[in-house]
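Nothing in this text is a laboratory measurement; each read-out follows from the coordinates by a stated rule. Just so it is clear, the model here is predicted, and its values are computed rather than measured. As a convention, Cβ positions derive from the backbone with ideal geometry for all residues, glycine included, and neighbour counts pool all protein chains shown.
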Amino acid sequence: MMITVRDLHKQFGKLEVLKGISCTVAESEVVVVIGPSGSGKSTFLRCLNMLETPTSGEVVVDGVSLTAPGTDLNRVRQEMGMVFQRFNLFPHKTALENVTLALLKVRRMKREEADAIGHALLAKVGLADKAHVYPDHLSGGQQQRVAIARALAMKPKVMLFDEPTSSLDPEMVGEVLAVMKDLAREGMTMVVVTHEMGFAREVGDRVLFMDEGRIIEEGTPEQLFEHPRHERTQSFLGKILYSRRLQ
Amino acid sequence: MQLIWDSLPIILLGARSTVSITLIAVTLGCVIGLFAGIARLARNRAVRLLATAYVDFFRGTPLLVQIFMVYFGLPQVADSFQHYLMATFSIPQIWQSTHINPFPAAIISTSLNSGAYIAEIFRAGVQSIERGQMEAARSLGMTHAQAMRFVILPQAFKRVIPPLGNEFVAMLKDTSLLSVIGFEEMARRGQMLIALTYKPFQIWTTVALIYLLMTFVISRFVDYLERRLKTGDDHR
Ligand SMILES: Nc1ncnc2c1ncn2[C@@H]1O[C@H](COP(=O)(O)OP(=O)(O)OP(=O)(O)O)[C@@H](O)[C@H]1O
Ligand SMILES: [Mg+2]
């Protein structure tokens, strides 16, 4: 297993956000996480790379327990890329510098070497011509593609996506999803929080439905979307489909 | 008028000291403030408390009292310390003097004071950077220190330039307090001239106008920097 999560709990003060999550993600598997706002999807994802420290439970990534004391989390995070809803590009760095920063400072790579990787990754996400442009001058979709390239620079074994398309204008969603689909086809292990049903169906191996800090239901996209067993899944999917039709 | 003309060189000599001591204070204050400001955000509670105590003390007490503490208090502490050393290790006396010159006293008191204000400026600057920046940096495997150095601080530096400019202007005026320990900055020169000429109105007005000219020029320069940095965000 690439990722194994056992009985994960997360509390913010009195508020228990994750109430015992257990799941596994196999190598090259694409797992899509859906669920209502506030159900703990982001918190779950952030516990996977320890941006959030779990209150209890265990997270094991590629054989390394992240929750064990003394684990070098910086080391582990190098192997796990993360893409955020709001991109979080470094505004004082060009697209290329965004991609190469960690290579230079964390991997201590030579500049020419890092730049070569950076250019290749920008080309991969379709932004070869934007290498020297600052994030302010890129559209949302372009920024998110740079963010994906930045995460890929460290050659991660796992990519975590937290609603990567939900702050994008509708016409830009496609270009970001296309990059993610390519990644999935290349065999990247991915955990993706998203409500993009098309994406889930096309490349998702499994869908987890979260509600109130628990995984309520899981299955293949077909199973979950066509024949949701749980009543809460049904009502949630109903709402999503309804709001999609309105758009 | 002739009087003002004649005293101008002496006042301007003082103005030079005023500018120098302000530059020294704010420069050293930036170094102290950078460390103290980051320490205020440290995860370690003891470090945080220490930095907070420093900042609160120097912002919560008058600069005049701080100047007195350094000028009159420090030598006394140093002497007691020497007595302690001599008594416990039975060593001969190392230093004689029981006083500190106005210039080092001026540097110590004003930079410690400025450092406290600048610590707050840096802390606010760092905290004004969106949380997502730190998270993105950490998610790439950077340590906290690397994220600070390569991602957070470069962005924070731009935002602290206007408040640093204000601190510079405030310090420029406050250095007039150094006249009380005989440090010969502009206000002290003014006092000395008045003792000679008995013309307080003319002298103080001249001194005031030169302060005004200096603060005006600096404020405009900071405004200009601020505007350039703002547009710099869009067009680099
Ligand atoms: N740092 C924090 N401190 C306190 N409460 C938090 C923190 N982060 C998240 N929460 C709370 O945890 C709950 C779950 O948040 P989370 O962001 O994981 O939900 P989500 O499923 O990602 O929602 P959304 O679809 O809106 O992104 C929310 O009630 C939120 O207010
Ligand atoms: Mg979320």
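The mean number of partner chain beta-carbon atoms within 10 angstrom of a residue's beta-carbon across peptide B:149-158 is 3. Counting charges near residue B:192 (Lys, Arg +1; Asp, Glu -1) among other residues having Cβ under 12 Å from its Cβ returns a value of 0. With the biggest extent put first, the Cα atoms of the range B:2-231 measure 69, 62, 24 Å across the principal axes. Taking a ≥ b ≥ c as the square roots of the eigenvalues of the Cα gyration tensor, the range A:97-142 is classed as prolate, since a/c reaches at least 1.5 and a/b is larger than b/c. How about the range A:1-85: which trypsin sites (Lys or Arg not before Pro) there are in a DSSP loop, with at most 11 other Cβ atoms within 10 Å of their Cβ? Those that pass, being in a loop and sparsely packed, are A:14. Could you check how many percent of all C-alpha pairs in the range A:95-247 are farther apart than 20 Å? Every Cα pair in the range A:95-247 considered, those over 20 Å come to 55 percent. Amide H contacts of residue A:214: A:19, each under 5 Å away and 5 or more positions distant or on a separate chain (H built 1.01 Å from N in the peptide plane; Pro and chain starts excluded). Per-residue shielding of A:129-139, expressed as the average number of other chain Cβ atoms within 10 Å of the residue Cβ, stands at 1. When the Cα positions of A:81, A:184, A:224 are compared along the charge dipole of chain A, A:81 comes out farthest toward the positive end, with charges on each C-beta of Lys, Arg, Asp and Glu. If you wrap the protein assembly as shown in the convex hull of its Cα atoms and look at it from every side, the mean projected area works out to 32.4 nm². Calculate the length of the line joining the C-alpha centroid of the range B:194-213 to that of the range A:62-77, in whole Å. About 68 Å separates the Cα centre of the range B:194-213 from the one of the range A:62-77.
Separation of the range A:118-191 from the range B:136-172 is 27 Å, based on Cα centroids. Which pairs, out of B:173/B:199; A:93/A:157; A:124/A:239; A:105/A:130; A:110/A:157, put more than 28 Å between their alpha-carbon atoms? In this structure, A:124/A:239 lie more than 28 Å apart at Cα. For chain A, adding -39500 (n - 2.57) for each run of n ≥ 4 DSSP H residues and dividing by the number of residues yields -12000 deg cm²/dmol at 222 nm. Packing, taken as the mean count of other beta carbons within 10 Å per residue, orders the peptides B:190-197, A:67-74 from highest to lowest as B:190-197, A:67-74.
Taking every pair of distinct Cα atoms and averaging 1/r, then inverting, what Kirkwood hydrodynamic radius in Å comes out for the range B:130-236? One over the average 1/r among Cα pairs gives 17.3 Å for the range B:130-236.
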